[in-house]
Amino acid sequence: MTTIEMPLWQMITLGGTILGAFVGMVKMLLVQMERRLDQRFAIVDKDSERLRQVEIGMERLRGDMPFQYVRRDDWVRNQSIIESKLDGLALKLENVQLKGLRP
C-alpha cells in the first residue's frame, strides 16, 4: 500500500480546486436550466397568443352562428307551416275547380 504525503497548503489548494470545479459545474448547469426555461416560456407565450387568437375566433363564430345556422327543430317547424299553407291553398283550388265544373 502506498501513501501520499502532502503538505497542508497543497491539501487546502486541492480541496479548493475540487470545490471550485464543483461550484463551476453547478453554476453552468443552472445557467443552462435558466436558458432552457426562458426558451420554454417564450414558446408558451407564443402558444398563449395563438390560443387567444383561437378564442377570439370562436367568440366571433358564436356571435355569427345565430345568423347563419338554423336548428333542425326550427327547420322542421317552418317547413311544416309552409306545407300546411300549401295544402290549404291546394284545397281551395280544388274547391274552386269543383264549383267551376258544376252547371
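Values quoted throughout were computed directly from the atomic coordinates according to the rules given, and no laboratory measurement underlies them. Everything numeric in this text was worked out from a predicted model, so none of it was measured. Here Cβ is always computed from backbone atoms with ideal geometry, including for glycine, and neighbour counts include all displayed protein chains.
Residues checked against (1) touching a Pro at 6+ places or on another chain (Cβ under 6 Å); (2) in a helix (DSSP H, G or I); (3) exposed (fewer than 10 other Cβ atoms within 10 Å of the Cβ); (4) among the acidic types (Asp, Glu):
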| residue | (1), (2), (3), (4) |
| --- | --- |
| Phe41 | no, yes, no, no |
| Arg62 | no, yes, yes, no |
| Met65 | no, yes, yes, no |
| Val76 | no, yes, no, no |
| Glu94 | no, yes, no, yes |
| Lys99 | no, yes, yes, no |
Scan of the range 1-39 for residues that are among the hydroxyl-bearing types (Ser, Thr, Tyr) and loosely packed, with under 10 Cβ neighbours inside 10 Å, ordered by number: Thr2, Thr3
